[in-house]
Structure formats: structure tokens, C-alpha cells
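All remarks here apply to the structure that follows.
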Ligand code: XBP
Ligand code: MG
């Protein structure tokens, strides 16, 4: 992992208005559940394909499930690939249903500090948004599992999946979320776990806090504003890795506001 923080604070004097969260790897370690349900969908389609963890780590460099399946067919030439190419949409829809069912059955747990920070920010009037490559149904299932009946009222914007045609590392999904929020990037902070997500958020002009995830912990996070092991909890402090220090052992709204405060000489 390369850590050369280039930006220690928000480069602005705009008060903090919104937090924009990536989902996969950031909100929760979702990728094992994605991997398992991709494999289930392949088997259901009569394909003898198995994405093991080592292969999946490589495949994750292609963002988006449909795009990932197409890349696998084109780069790995698996048996049945030529026919399966015409069936990607249906296979992926099946995978998304299996994923949502697994999540509804408790397959995921939120990463430390996530639920706390979302609830604290909402209570403090800081708006919330999602910017993810994941399918909308997968995001909804996760939010419902973590926030129950409050899921719909907490987030002002959910930008997910094919809402933009250029997926991360293109900035489009973040630009879309900013437009829907009606806010400039300087008033928002993004949370990411991957190099490609970081590139997308930075290209949209955002301050970015990175919490490296299981599959992507070897990524380059050098342009992040701050890198921490996770968001931490008051009774379970996180580990500082690089860049700006936020709070004392956990990321909270006060720490995020301080990050965005003007630097006074
Ligand atoms: C996540 C992805 C997604 C998931 C699978 O990237 O690339 O494709 O792996 O989800 P990010 P779908 O965290 O940067 O948004 O199968 O629903 O696409
Ligand atoms: Mg991610």
C-alpha cells in the first residue's frame, strides 16, 4: 500500500453539508457475499464456473457485476462463455436476487462506526447520500438490514448501478450524487475503500476518507485525505494509517467538521 498523503485537509472553507458513502467494502465487507452469489448464479445457469478468492481479487478491478462477468468471458475464455455472453443480463439479475436474499438473511454486518456515524450525522443535520457501482436492489437490501424502517428516510440520494453509464473510476456517480444533493463537492466528504473509488471521488473534487477493505487492502490510497482502518467506535478505537487525523480513535461529525474548517495561520 502506498501512503503519500497529498491533502491533509479539505481544500475549502465550506461548512460540511453532506456525507457520501460508497457501499461495497466501505459500508460492509460485502464482496464475499457477492462472490458466493455470482457462483450460485453461474451454477443455476448450467455453467461450471467458480470464482475463487484469488481470481475474484483480480476480477474486482472491473467495477460493476455485469461488466465483471463480460470481462471474465473475454479475458479468461471459460467453457460456455460464447453462449453465456448473451445471457449476462439474466444471470446478473439472478445473482442480484440471490444477493438481496442473503443480505435479508443476515449475511452482512456493518463495518465498525458506520451505523453510528450515519445516525449521528443525520441527527446533526448533515445530509447523507450513497454513490456506488452496486445494483440498487443490493443497496436497498443492505440499508434495510442495517437501518430497518429508517433506511428510506436517512439517505437523501441513492446513486447506484446503471444510474450513470461510466462506472468508477469515472467520477460520474459522484457528480450525479452531488447534482441530486444540489451541493458543491467542497461541502461534502466521501468515504471509500478502493483505489478506483478514490479516483472517482477525487475526480469529482471531493475530500475522501478511505477505510481499506479485505480484498482491496493492497490498493494505492495516496490521494486520500485520510486513511484509517475503519471509522472506529468510542469503545473500539480505529487505527490511524495516513493523512489527516480525525477525532480520537473514531470518526465523528465533530472530527469531520474540524477537517473541513478553514486553516488559520
Ligand atoms: C463495487 C462493485 C460491484 C460489486 C457487485 O464497487 O464493483 O460490482 O462488486 O455488485 P464499488 P453488482 O464499491 O466501488 O461501488 O453485482 O450489483 O454490480
Ligand atoms: Mg467499494
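The values are calculated or read from the model by the stated rules, or taken from the named source; none is laboratory data. Since the model is a prediction, treat every value here as computed from it, not as a measurement. Every residue, glycine among them, receives a Cβ derived from its backbone with ideal geometry; neighbour counts consider all protein chains shown.
Laid out as a table, the results:
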{"item": "Test: residue in region 18-28 that is crowded, with 16+ Cβ neighbours inside 10 Å and assigned to a helix (DSSP H, G or I)", "result": "no"}
{"item": "Which numbered condition residue 33 fails, given (1) away from ligand 2 (no atom under 14 Å from the Cβ); (2) surrounded by 17 or more Cβ atoms within 10 Å (Cβ to Cβ); (3) in a helix (DSSP H, G or I)", "result": "(1)"}
{"item": "Hits in region 160-190 (condition: outside any helix (DSSP H, G or I), surrounded by fewer than 24 Cβ atoms within 10 Å (Cβ to Cβ) and in contact with a strand residue (DSSP E or B) (Cβ under 6 Å, 6 or more places away or on another chain))", "result": "160, 183"}
{"item": "Matching entry among 241, 209, 246 (being within 16 Å of ligand 1 (Cβ to nearest atom) and either in contact (Cβ under 8 Å) with a residue 24 or more places away in the chain or not assigned by TED's automatic domain parsing to the domain that holds residue 175 (or both))", "result": "209"}
{"item": "Among (1) more than 22 Å from residue 242 (Cβ to Cβ); (2) away from ligand 2 (no atom under 15 Å from the Cβ), the one test that residue 205 misses", "result": "(1)"}
{"item": "Residue match in region 199-212 (condition: surrounded by 20 or more Cβ atoms within 10 Å (Cβ to Cβ) and within 21 Å of residue 136 (Cα to Cα))", "result": "yes"}
{"item": "Which listed residue, of 50, 39, is in a helix (DSSP H, G or I) and farther than 28 Å from residue 19 by Cα", "result": "39"}
{"item": "Hits in region 124-138 - residues which are closer than 18 Å to residue 258 by Cα and out of contact with any strand residue (DSSP E or B) (no Cβ under 7 Å at 6 or more places or on another chain)", "result": "124, 125"}
{"item": "Residue in region 144-153 that is crowded, with 18+ Cβ neighbours inside 10 Å and within 14 Å of the chain's Cα centre (by Cα) present", "result": "no"}
{"item": "Leading residue by the ranking (farthest from residue 189 (Cα to Cα)) among those in region 217-238 that are in a strand (DSSP E or B) and in contact (Cβ under 8 Å) with a residue 24 or more places away in the chain", "result": "236"}
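For every residue, the table says whether it meets (1) in contact with a helix residue (DSSP H, G or I) (Cβ under 9 Å, 6 or more places away or on another chain); (2) modelled with pLDDT of 95 or more.
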{"position": "203", "(1), (2)": "yes, yes"}
{"position": "209", "(1), (2)": "yes, yes"}
{"position": "223", "(1), (2)": "yes, yes"}
{"position": "227", "(1), (2)": "no, yes"}
{"position": "243", "(1), (2)": "no, yes"}
{"position": "249", "(1), (2)": "no, yes"}
{"position": "255", "(1), (2)": "no, yes"}
{"position": "262", "(1), (2)": "no, no"}
